[in-house]
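Single-structure report; data block below.
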Amino acid sequence: MSRSDQESIFDREPFGGFDIRLRGYDQRQVEQHVRALEAAITDLRKKNEELDKRIIELRRLLMSPN
């Protein structure tokens, strides 16, 4: 996983590339929510990689002559 995969959109642009308006959602809440989603994606990618490695290991064990 590259460093850019772990960055938040808010690390590159202070407002995530969104325009500031007088009405709308609280910017802090939106940023916290997006960061939480990004963290969840990162965790799921790590778990996916671990499961892929486990699948390879189990396939190897199944195919090895005993």
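The values are calculated or read from the model by the stated rules, or taken from the named source; none is laboratory data. Predicted model only: the values in this text are computed from it and were never measured. Backbone-built Cβ (ideal geometry, glycine too); neighbour counts: all protein chains shown. Side chains included, ligands, DNA and RNA excluded: accessible areas come from the protein's heavy atoms. Shrake-Rupley method; radii C 1.70, N 1.55, O 1.52, S 1.80 Å.
Glu49 contributes about 90 Å² of solvent-accessible surface, heavy atoms of the protein only, 1.4 Å probe. Summary of packing: across the peptides 28-41, 52-65, the per-residue average of other C-beta atoms within 10 Å ranks them, highest first, as 28-41, 52-65.
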